[in-house]
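Rule-based calculations on the coordinates, nothing more; no lab input. This is a predicted model, so every value here is computed, not measured. As a convention, Cβ positions derive from the backbone with ideal geometry for all residues, glycine included, and neighbour counts pool all protein chains shown.
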Amino acid sequence: MFDPEAVRAFEHAGWQVAAAGYEASFATATRQFIPDLLDSAGVEAGQNVLDVACGPAFTAAAAAERGATVRGLDFSEAMLAVARARHPTLTFDQGDAEALPYADGTFDGVVSNFGIHHAPTPINALAEARRVLYPGGRLAFTVWADQASNIAWKLVFDAIRAKGDMSASKAPPPGGGLNDPEACRLALMQAGFTQATVSRAGHVWRHADGRALLHALKAGTARMAALIGAQTPDALAAIAQEIDRQAERYRDADGLAVPIAAFIATGVRH
């Protein structure tokens, strides 16, 4: 049975732990999509922009570099401590993406880089983003693409299915899948947005080998970290070897160059 409070508690605990190691691990993947996200949102100088699920504030800082006035929000105290230490001139608030602590029509733009799908009920987070936008304001968010085109995830999940236990983590089921374009468009429309569009962006995530890929996911995520951390030591070794075997086609002189892909969804408040 889906329990939103269990999802919220699980995600919060996971990101509290991930905060310290996020920059050197999972951020090496997520930061690559920030320019794509900000371009899709039309972020430019003079705008008032909210970064939802801002984490260590890489997206917020990039928006500020474009000349926007930026506010970041996250539910993780540990993530916000990193953000405030890195960017003392920016403003950050602790809060819930499903209950934003801002008045209606406060922002020209709302962005979220791989944050919306971590909300227990993503549609509520999208509706809140719409509420705090000015009429004509734009939302843009990123979500990971399905495994068919998001090779890093496919390698890990296929290896765990072959050599480990996909049910080992006992994590609560997520609130909703947004990893295909139609699901993103539907969620935007259900939240009241118009001009819903979804584009795809691809990049390459570099790692020395399968063990390094597993380490990055375990150190810098919540749900994937729980799955990887629940494997036995022997299974982890076999999983890493299986990733190396399956990823041989992506190997070059510097290690693995693994394709990663995301969808960028946008909508307008009218």
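Quick look at the values:
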{"item": "Under Karplus coefficients 6.51, -1.76 and 1.60, residue-wise ³J(HN,Hα) of the range 229-243 in Hz, glycine/proline x", "result": "x, 7, 6, 6, x, 5, 5, 4, 4, 5, 4, 4, 5, 5, 4"}
{"item": "With 5 Å bins from 0: P(r) over the range 138-232, alpha-carbon pairs, percent", "result": "2, 11, 18, 21, 17, 14, 9, 5, 2, 0"}
{"item": "Taking only Cα atoms of the range 1-122, radius of gyration then Dmax in Å", "result": "13.9, 45"}
{"item": "The range 127-208: chymotrypsin sites (Phe, Trp or Tyr not before Pro) in DSSP coil with no more than 15 other Cβ atoms inside 10 Å", "result": "none"}
{"item": "Positive minus negative residues near Asp93 (Lys, Arg vs Asp, Glu; Cβ under 14 Å)", "result": "-3"}
{"item": "Cut-off under 5 Å, modelled amide H: who pairs with Asp209 long-range", "result": "Leu256"}
{"item": "Helical contribution to [θ] at 222 nm, DSSP H n ≥ 4, -39,500 (n - 2.57), averaged over the chain, rounded to 500", "result": "-12000 deg cm²/dmol"}
{"item": "Options (1) 52, 38, 38; (2) 61, 34, 33; (3) 53, 44, 37 - which one matches Cα extents along the principal axes in Å as calculated here", "result": "(3)"}
{"item": "The range 93-180: trypsin sites (Lys or Arg not before Pro) falling in loop per DSSP and having at most 14 other Cβ within 10 Å", "result": "Lys170"}
{"item": "Where chymotrypsin sites (Phe, Trp or Tyr not before Pro) fall in DSSP loop in the range 1-47, at most 15 other Cβ within 10 Å", "result": "Phe2"}
{"item": "Nonlocal amide H pairs with Leu133, under 5 Å, H built at 1.01 Å", "result": "Gly105, Thr106, Phe107"}
{"item": "Karplus 3J(HN,Hα) series, Hz, for the range 194-203 with 6.51 cos²θ - 1.76 cosθ + 1.60 (x for Gly, Pro)", "result": "10, 6, 6, 9, 9, 10, 10, 10, x, 9"}
